[in-house]
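**Student:** Please find one structure pasted underneath; my questions will follow.
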Amino acid sequence: MITRRFVLLAAALMALPRAAFAKGKPAGKDALLYFVWPQDGATIKGAFWCRFGLRGMGVTHAGDNYQNSGHHHLLVDVDEPLNPDEPIPQDKAHMHFGAGQTEARIELPPGKHTLQLVLGDAEHYPFVPPVVSKKITIRIK
Amino acid sequence: MLPWGSRASFRGRTIIHVGKHGIAMRGEIRDINSSKGANPPDSSVPRRLAAIMAGDIAAYSRLMQLDEEGTHARVKRIERDLIEPTIREHHGRLVKTTGDGFIAIFDSPVEAVRCGIVIQQNMVGRNTSQPRLQWIEFRIGINLGDVIIDTEDVFGDGVNIAARLEGLAEPGEVYISGGIYEQIKHKIVCGYESLGDRKVKNITDPIRVYRVLPDPAAFNRTRARRQNTLIISLSLLLLAGAGGVLWYFIAQTRSNIRYQTAAVETSPTLPSPAESQTAPPIAPAAPQPAPATVPDTQPATPPAAAKAVSEPEMITLPGGTFAMGSNDDSTEKPIHQVTLKRFAIGKYPVSVREWNACAEAKACTFTATGKDEAPITNISWSDAKQFAAWLAETTGKSYRLPTEAEWEYAARGGTRTKYWWGEQLQPGLAGCKNCTEVAMAELPSKVGSFKANPFGLYDMGGTIDQWVEDCWHKNYQGAPTDGSAWTEDSCPSHVLRSGSWRNDARYVRPSNRDSYDTNVRYPTHGFRIALTP
């Protein structure tokens with residue numbers, strides 16, 4: 001466990017010189033980010049409540065620097081890899097839940113979409129290592 | 001494919017999922033006073049101040065009747081997987097468990113309440129997979145009190161009050177006493193609803209009870225409901241009073257209004273660039289500020305000796321009618337006609353220097369670092385409102401945030417095209433990720449780094465996201481057509497305009513709109529100021 005901490009710390013430190021902005025907080029050990037709903041491959045009619053699950057870490061308000069906690073981001077149809085040195089982008093494909101929401105009503109146009117959760121720290125940076133969910137694919141009827 | 005037009009409406013439940021960090025040893029948990037118990041050499045009973053949490057399962061007997069063994073097993077599992085580890089993670093100690101409940105103590109009221117919220121919200125998640133009848137719902141009460149701690153139990157008035165609070169609580173809720181409330185009110189992001197003083201069994205003095213609302217939106221809904229009648233009666237009273245004052249103003253400004261109407265009629269709907277550029281970048285010219293449209297912080301009369309403060313450069317725009325919205329995105333539909341009155345808007349986004357003047361006056365909450373002339377960033381909507389209120393107060397002028405309609409009208413600069421310069425993206429006219437020859441890597445170091453639009457306004461699209469007064473609505477269905485802000489009593493998210501240096505060209509369009517949580521800061525968010533002349 002201690003070695004693990006060191007590895008994380010070392011990883012965080014090594015990330016520092018790469019970019020002046022790399023300042024993600026260390027992730028909780030055994031943190032698991034997942035979709036409570038919908039499930040991978042689900043077909044959904046119309047709008048739906050997307051529910052975010054997180055184990056091993058806590059959810060807090062963006063800006064609050066509590067240890068081992070962060071806030072959710074939902075990435076819709078995002079293909080670009082996550083840049084660990086930048087705050088998680090804010091646009092129509094990167095939805096932010098900085099008030100500590102753990103669910104959201106989502107409306108997507110009909111068709112296939114991918115969803116992925118990313119946990120951000122107080123400053124919206126991904127954790128180190130990033131706490132991300134599996135990318136799931138859903139179909140909207 | 002991007003979900004262009006996809007939106008999330010937020011329900012701010014702060015459900016916190018807590019990890020299962022193994023099973024705690026009972027001895028370890030019960031070991032609440034080992035540190036104390038081992039030390040005190042004196043025979044006096046050890047007393048201490050603690051936050052006491054009492055929890056029990058609502059309708060436990062009904063659940064047992066339904067399925068005795070199943071319920072017992074589920075309750076035990078919840079205790080093992082959720083209650084015990086959560087209490088431990090919040091530095092609390094489980095003192096005892098009863099068949100359907102538990103008592104825990106915490107050194108910190110903040111941790112105690114946070115723990116209560118975690119338990120409750122985790123239970124929501126656990127229950128969703130079960131039929132309604134089989135839901136296990138806890139009621140939780142938390143009190144701050146002086147207690148006597150024994151190896152197996154904890155005693156004192158404080159414990160009884162916690163238990164009474166728990167009895168008052170609705171299933172799935174956390175009720176706290178006044179003492180706890182005083183300790184945590186500014187420390188935990190959630191709402192609190194005061195339930196007033198309650199007399200409880202066998203406790204002499206009534207206790208002040210608060211209901212914890214982990215979702216601030218729920219808090220506001222409750223408050224709105226409760227205060228509605230009050231507000232209505234109050235506003236009726238105010239209206240009666242304001243009527244007289246208004247009459248006076250109308251009489252006084254009638255000539256002025258006549259002048260404005262004329263201006264709207266004579267000024268073409270689409271003023272030409274040349275014409276609008278000649279619009280003098282003046283500050284307020286109207287003889288009377290219009291108090292009705294001013295934030296309520298605006299004093300009735302300007303302070304006699306307003307402190308000298310450098311005001312943002314403003315450009316006054318004539319009123320007019322324009323087509324707001326577009327068919328490019330579902331959030332921008334339907335296109336609708338909006339007629340606005342004359343207003344002034346900041347020539348640039350608010351800069352670091354301007355913001356820091358507010359911070360120095362202790363009216364804005366933080367001092368920004370960065371170049372003086374760079375746009376201020378990392379601003380929440382509430383921060384922007386603070387700045388506007390401060391500026392209005394120190395200058396005695398009706399400074400405020402622009403409305404969404406005003407922003408778009410100003411950004412279009414009299415044009416109806418996709419961008420203010422035409423239908424096609426042209427490099428170098430705005431600050432966005434792919435609007436320039438060389439991709440923008442960072443925020444421009446100075447406001448006004450790109451070309452001004454036909455109204456002479458800079459950074460209306462790109463550079464920095466800008467807050468406006470309006471609450472977020474997912475489209476314009478039901479939007480006002482008089483240029484006023486579309487607001488509700490309280491809304492969890494507000495509208496952002498302009499897009500930033502980190503967004504692509506689609507966000508630079510004057511009709512583009514986006515939303516963000518009202519109280520959350522983000523590094524690409526800033527604002528500009530408006531003024532009712």
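**Student:** Mind jotting down the three principal axis lengths of the range A:38-139 based on Cα atoms? Whole angstrom, largest first.
**Tutor:** Projected onto its principal axes, the Cα set of the range A:38-139 covers 38, 24, 22 Å.
**Student:** With r defined as the distance between the Cβ atoms of residue B:330 and residue B:441 and R0 fixed at 35 Å, what FRET efficiency is calculated, to the nearest 0.05?
**Tutor:** In this case the efficiency is close to 0.65.
**Student:** A follow-up question, please. Can you give me the relative contact order of the range B:92-215 as a percent, contacts being Cα pairs under 8 Å and 6 or more apart?
**Tutor:** Contact order relative to length: 21 percent.
**Student:** Which peptide among B:120-127, A:124-131 comes first, and what is the full order, when sorted by highest mean count of other Cβ atoms within 10 Å?
**Tutor:** A:124-131, B:120-127
**Student:** List the residues, sorted by chain then number, that are 5 or more residues from residue A:92 or on another chain and whose placed amide H is less than 5 Å from its amide H.
**Tutor:** none
**Student:** Could I ask something else about it? How much length, in nm to one decimal, is gained on full extension between residue B:186 and residue B:65, taken as 0.36 nm per residue of separation minus their Cα-Cα distance?
**Tutor:** Computed gain between residue B:186 and residue B:65 is 39.3 nm.
**Student:** I've got another one for you. How shielded is A:69-77 by partner chains, expressed as the average number of their Cβ atoms within 10 Å of its Cβ atoms?
**Tutor:** 2
**Student:** Straight-line reach from residue A:45: which lysines have Cα under 25 Å away, leaving out those fewer than 8 places along the same chain?
**Tutor:** A:92, A:112, A:134, A:135, A:141, B:333, B:474
**Student:** Now for a different question. For labels at residue A:107 and residue A:79 in the simple 7 Å Cα→Cβ model, what's the distance in nm?
**Tutor:** Reported label-point gap for residue A:107 and residue A:79 is 2.7 nm.
**Student:** What FRET efficiency do you get for residue B:371 and residue B:504 if R0 is 30 Å and r is their Cβ-Cβ distance, rounded to the nearest 0.05?
**Tutor:** 0.75
**Student:** What order do you get for B:174, B:209 when you list them from fewest to most C-beta neighbours inside 10 Å?
**Tutor:** The order, fewest Cβ neighbours first, is B:209, B:174.
**Student:** Highest mean first, how do A:47-59, B:455-467, B:107-119, B:417-429 rank when packing is the count of other Cβ atoms within 10 Å averaged over residues?
**Tutor:** My ranking of the peptides, most packed first, is B:455-467, B:107-119, A:47-59, B:417-429.
**Student:** Taking every residue in A:83-91, how many Cβ atoms of other protein chains lie within 10 Å of its Cβ, on average?
**Tutor:** Partner Cβ neighbours, averaged per residue: 4.
**Student:** A further question follows. Taking Cα pairs under 8 Å and at least six residues apart, what relative contact order does the range B:321-447 come out at, in percent?
**Tutor:** Once normalised by length, the contact order is 19 percent.
**Student:** Ok, one more. Roughly how many Å is it from the Cα centre of the range A:101-133 to that of the range B:469-509, as a whole number?
**Tutor:** Taking the Cα centre of the range B:469-509 as reference, the centre of the range A:101-133 is 22 Å away.
**Student:** What shape does the range B:72-147 have by the C-alpha gyration tensor, where a ≥ b ≥ c are the square roots of the eigenvalues, rounded means a/c under 1.5, and otherwise prolate means a/b greater than b/c and oblate the rest?
**Tutor:** Because a/c hits 1.5 or more and a/b exceeds b/c, the range B:72-147 counts as prolate.
**Student:** Using a 10 Å cut-off around each Cβ, can you sort B:376, B:142, B:529 from fewest to most neighbouring Cβ atoms?
**Tutor:** Ordered from fewest to most neighbouring Cβ atoms within 10 Å, B:376, B:142, B:529 come out as B:529, B:376, B:142.
**Student:** Still on this model: Multiply the residue separation of residue B:313 and residue B:353 by 0.36 nm, subtract the distance between their alpha-carbon atoms, and state the gained length in nm to one decimal.
**Tutor:** Difference between extended and current length: 13.1 nm.
**Student:** Over all residues in A:101-112, what is the mean tally of Cβ atoms on other chains that come within 10 Å of each residue's Cβ?
**Tutor:** Across A:101-112, the average partner-chain Cβ count within 10 Å equals 6.
**Student:** Quick one: go through the range A:72-99 and flag any residue whose amide nitrogen is under 18 Å from the point 7 Å out along the Cα-to-Cβ line of residue A:42.
**Tutor:** A:72-78, A:95
**Student:** Which shape class, rounded, prolate or oblate, goes with the range B:312-351 when its Cα gyration tensor gives a ≥ b ≥ c as root eigenvalues, a/c under 1.5 marks rounded, and past that a/b bigger than b/c marks prolate?
**Tutor:** The shape class here is oblate.
No value in this document is a laboratory result; all are computed from the given coordinates. All values reported here derive from a predicted model rather than from experimental measurement. Here the Cβ is made from the backbone with ideal geometry for all residues, glycine too, and neighbour counts use every protein chain on show.
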